[in-house]
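The values are calculated or read from the model by the stated rules, or taken from the named source; none is laboratory data. Quick caveat: nothing in here was measured; it's all calculated off a predicted structure. Every residue, glycine among them, receives a Cβ derived from its backbone with ideal geometry; neighbour counts consider all protein chains shown.
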Amino acid sequence: MSAPIASNARPDFHAFTEIIDVRSPAEFAEDHVPGAINLPVLDNEERAQVGTIYKQQSPFQARKLGAALVAANIAKAVREHFIDKPRDYRPLVYCWRGGQRSMSLATILARIGWPTTVIEGGYKQYRKQVIETLETIPPKLRLIVVSGLTGTAKTDFLKALQQAGEQIIDLEGLARHRGSLLGPDPEGPQPAQKYFESLLARTIRQLNPERPVWIEAESNKIGNLHCPAALWKQMGQAQTIELRAPRASRVEYLLGQYDHFLRQPDALKEKISALRFRHGAKQVETWLDMIDHGAWRDFVANLLEVHYDPAYSRAIRKNRAEAALVIELQSLTPQALHEAALTAVQAIGARQQ
């Protein structure tokens, strides 16, 4: 006996065994529901082929070819992906508008016997909800912005706050970028803008607006990605705390965080060479010479002094209010950051009582 097919415009994603995006790989790469898998009923080339026939020949001819391609792809998915799924498997399926592509797979899964749900309105409906989340929730959040010069371990400080039970938004983690010239994640590229927004919306929806939310001071652009306007505005109005640490401690911390550049000095030299327009050829040649000679501590200290510290200080003066709390860190060890996080929580709590 067939199982039912339900339609839901705002499904609880946690209620399903699996979320299946049946759009093409190109559509999936641009954005998708976080946690979804891609089982395209038409791949990139097939979708383009069907679309061309639809426009140049006739919708009828396109539907015939589309049906054949979709049937073959679904048969393959049943053999390779669904064949071992248990009786209590509960899939959620979506396509672009919640129409033919998602219903093609949903019908087969329901006929097999699995209660299946499709997102009413498909990805377009989901995307509207992401935009709504990013526009309406940030103004309600009690943000606390964590500022500090480069190398003051702001991201690790956020993680220490999270371990202490606090709510955080890790923009750099979601964007896969540390927000500077040397910031790209060595493990992989940044997500597309829309998928970054999907990840951010999921994070924001889980926050309790009655409790503080800690977030690192950022520009409105993190690598190639833009911070949503409502969140950026709220960050500019939020209370700020500042982390301070001796330059020597910051140098040691950064050498550990960016050790991939120590193993790939040519990649580092390419990045540093891009600073000629700002600091001139002579300064850049000095940095390149330090890299060639492995004078890593001198290089990092000088880069902080000449480039990062002045740039960060200008940005803070322009975009942030004076810090309500300054935390002096003599070292940037996990224990020191843990203690600093507890100090910050206590101090901010006392101020808000």
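A few points about this structure:
Condition check ((1) out of contact with any helix residue (DSSP H, G or I) (no Cβ under 6 Å at 6 or more places or on another chain); (2) closer than 20 Å to residue 232 by Cα; (3) aliphatic (A, V, I, L, M); (4) outside the structural domain of residue 28 (by TED's automatic domain parsing)) across all residues:
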residue	(1), (2), (3), (4)
112	yes, no, yes, no
115	yes, no, no, no
123	yes, no, no, no
126	yes, no, no, no
136	yes, yes, no, yes
145	no, yes, yes, yes
148	no, yes, no, yes
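- Residue, modelled with the lowest pLDDT, within region 278-330, restricted to residues that are small (Gly, Ala, Ser) and under 29 Å from the mean Cα position of the chain (by Cα): 321
- Assessment of region 130-141 against the conditions (touching a residue at least 24 places away in the same chain (Cβ under 8 Å), part of a helix (DSSP H, G or I) and within 12 Å of the chain's Cα centre (by Cα)) yields no matching residue.
- Among the residues making up region 58-70, those that are without any contact (Cβ under 8 Å) to a residue 24 or more places away in the chain and part of a helix (DSSP H, G or I) are 59, 60, 61, 62, 63, 64, 65, 67, 68.
- Residue within region 4-26 that is among the basic types (Lys, Arg), farther than 20 Å from residue 123 by Cβ and outside the structural domain of residue 191 (by TED's automatic domain parsing) present: no
- Residue in region 40-55 that is surrounded by fewer than 17 Cβ atoms within 10 Å (Cβ to Cβ), within 23 Å of residue 199 (Cα to Cα), of a type in the set (D, E, K, R) and within 31 Å of the chain's Cα centre (by Cα) present: no
- Criterion violated by residue 201 - all others in (1) over 22 Å from residue 166 (Cβ atoms); (2) in contact with a helix residue (DSSP H, G or I) (Cβ under 6 Å, 6 or more places away or on another chain); (3) touching a residue at least 60 places away in the same chain (Cβ under 8 Å) satisfied: (1)
- Enumeration of residues in region 62-111 that are touching a strand residue (DSSP E or B) at 6+ places or on another chain (Cβ under 8 Å), among the polar types (S, T, N, Q) and within 11 Å of residue 22 (Cα to Cα): 102
- The requirement of being within 21 Å of residue 12 (Cα to Cα) and without any contact (Cβ under 8 Å) to a residue 60 or more places away in the chain is satisfied by residue 35.
- Looking only at residues of region 221-251 that are touching a strand residue (DSSP E or B) at 6+ places or on another chain (Cβ under 6 Å) and farther than 30 Å from residue 298 by Cβ, we find that the one that is surrounded by the most Cβ atoms within 10 Å (Cβ to Cβ) is 235.
- Listed by first and then second residue, the pairs linking a residue in region 156-173 that is among the polar types (S, T, N, Q) to a residue that is in a helix (DSSP H, G or I) and buried (at least 20 other Cβ atoms within 10 Å of the Cβ), with Cβ atoms under 9 Å apart and 6 or more places separating them unless they lie on different chains, are 162/341; 163/341; 167/161.
- Only a single criterion out of (1) of a type in the set (Ser, Thr, Tyr); (2) closer than 30 Å to residue 283 by Cβ; (3) modelled with pLDDT of 90 or more is not satisfied by residue 333, namely (2).
- Of all the listed residues (97, 101), the sole one being over 30 Å from residue 337 (Cα atoms), touching a Lys or Arg at 6+ places or on another chain (Cβ under 8 Å), of a type in the set (D, E, K, R) and not in a helix (DSSP H, G or I) is 97.
- Residue tally, condition modelled with pLDDT under 95 and either touching a Cys at 6+ places or on another chain (Cβ under 8 Å) or outside any helix (DSSP H, G or I) (or both), over region 243-274: 3
- Residue tally, condition part of a loop (DSSP other than H, G, I, E, B) and either in contact (Cβ under 8 Å) with a residue 24 or more places away in the chain or not assigned by TED's automatic domain parsing to the domain that holds residue 275 (or both), over region 179-198: 9
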